[in-house]
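Inspection log for the structure reproduced underneath, given as structure tokens.
The values are calculated or read from the model by the stated rules, or taken from the named source; none is laboratory data. None of the values given here were measured: they were computed from a predicted structure. Here Cβ is always computed from backbone atoms with ideal geometry, including for glycine, and neighbour counts include all displayed protein chains.
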Amino acid sequence: MARRKLVVLGLLLAACQMQLALPDGAECWSLSGRALHAPELSPDLRQEREANLAVARRHADSNPQDRDAAIWVGRRLGYLGRYREAIAIYTEALQRWPGDAFLLRHRGHRYISVRDSARAQQDLRQAALACRTTMDEVEPDGLPVPGRPPHSTLHFNVHYHGALASFLLGDFDDAERRWLDCLAVCSNDESRVAVTHWLWSTRMRLGDVAGAAAAVLGITAGMDIVENKSYHQLCLLYGGKLKVDQVKVGEGSSGAALQFGLAHYLLVTKGLAAARPQLEALAEDAGWASFGVIAAEAELARAR
């Protein structure tokens, strides 16, 4: 019953947000009612990303039967913070390729970005079913990380984003099942530490302290990590192999992920009052599209 109430609350929050007219230029409302606009980019970075978008559009226009061309237009829009336009691109493409796992995976991701976790959950559940008849493959990086070749796959991203949508809605039973599905398709340490962080967090919310401890047993300091150092540090913290004052917080989405992990660690070990200041600070972060910021907003929304 408690889980059902949390899910209903999440659905109601999303519905209320969607009924409010957005100010000009805003992408969405935060879960606290703040109008969120596309993040500021340096002139050089904006020019580069606009040029990449123009190339993607030309390719899609010249190849209307190429599903991947449509996906890249959506991805390039997303890198500019134009998430609603990206959703529209994926929605139009889904009319041509209904039920396509790749399109549903990307649209689900962008529904999370605009705080519509209920629609994200629906898309990603449908994508997970489609994955049963769709071969897994590595997805190319749109924003490559130096020193790390592409490693994220279709099936991983479908399960990962689907589990995250359920976590944001407070549907922790469903989130745990989907994190386990995601863990089953992990083939590298980068993916394992990301999923393990969320699995530990989810089991702690379910009151399964022993299960949470078991989840981080295999995480060691010597793992091959370049991209997900924040999640790696958090897993070492959860397993008692690192102390809070030894955790190094970076910037950007990785830093936000780590800040949420630390705030959530306080939430499940010391209670909401201890975690609230960190959650509130993170919820106001300018990098509002990062999962850490969205998760902080969701926690505060549930507390309200």
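Of everything in the range 170-211 that's hydrophobic (A, V, I, L, M, F, W, C), under 16 Å from His264 (Cβ atoms) and out of contact with any Phe, Trp or Tyr (no Cβ under 9 Å at 6 or more places or on another chain), which residue is surrounded by the most Cβ atoms within 10 Å (Cβ to Cβ)? Ranking the candidates gives Phe172 first.
Taken over the range 87-102, the residue count meeting the criterion of being closer than 25 Å to Trp29 by Cβ and out of contact with any His (no Cβ under 7 Å at 6 or more places or on another chain) is 6. Restricting attention to the range 118-138 and to residues that are in contact with a helix residue (DSSP H, G or I) (Cβ under 7 Å, 6 or more places away or on another chain) and in a loop (DSSP other than H, G, I, E, B), the residue that is surrounded by the fewest Cβ atoms within 10 Å (Cβ to Cβ) turns out to be Glu137.
With respect to the conditions (1) over 26 Å from Glu50 (Cβ atoms); (2) at pLDDT 95 or above; (3) not small (Gly, Ala, Ser), His151 lacks only one, and its number is (2). Mind checking whether some residue in the range 120-131 is farther than 30 Å from Leu300 by Cα, out of contact with any Leu (no Cβ under 7 Å at 6 or more places or on another chain) and in contact (Cβ under 8 Å) with a residue 40 or more places away in the chain? Checked against the condition, which is being farther than 30 Å from Leu300 by Cα, out of contact with any Leu (no Cβ under 7 Å at 6 or more places or on another chain) and in contact (Cβ under 8 Å) with a residue 40 or more places away in the chain, the range 120-131 yields no hits at all.
Taken over the range 173-193, the criterion of being out of contact with any Ser or Thr (no Cβ under 9 Å at 6 or more places or on another chain) and of a type in the set (Gly, Ala, Ser) is satisfied by Ala184 alone.
The single condition among (1) without any contact (Cβ under 8 Å) to a residue 60 or more places away in the chain; (2) more than 20 Å from Trp72 (Cβ to Cβ); (3) not in a helix (DSSP H, G or I) that Asp141 does not meet is (2). Scanning the range 147-168 for residues that are in a loop (DSSP other than H, G, I, E, B), buried (at least 24 other Cβ atoms within 10 Å of the Cβ) and either in contact with a Ser or Thr (Cβ under 7 Å, 6 or more places away or on another chain) or not basic (Lys, Arg) (or both) turns up nothing. Pairs meeting the criteria (first residue in the range 236-255 and free of Cβ contacts under 8 Å to residues at least 40 places away in the same chain, second residue among the small types (Gly, Ala, Ser) and outside any helix (DSSP H, G or I), beta carbons under 7 Å, at least 6 apart or on different chains) are Leu236/Ala221; Lys241/Ala221; Gly252/Gly287; Ser253/Gly287; Ser253/Ser290.
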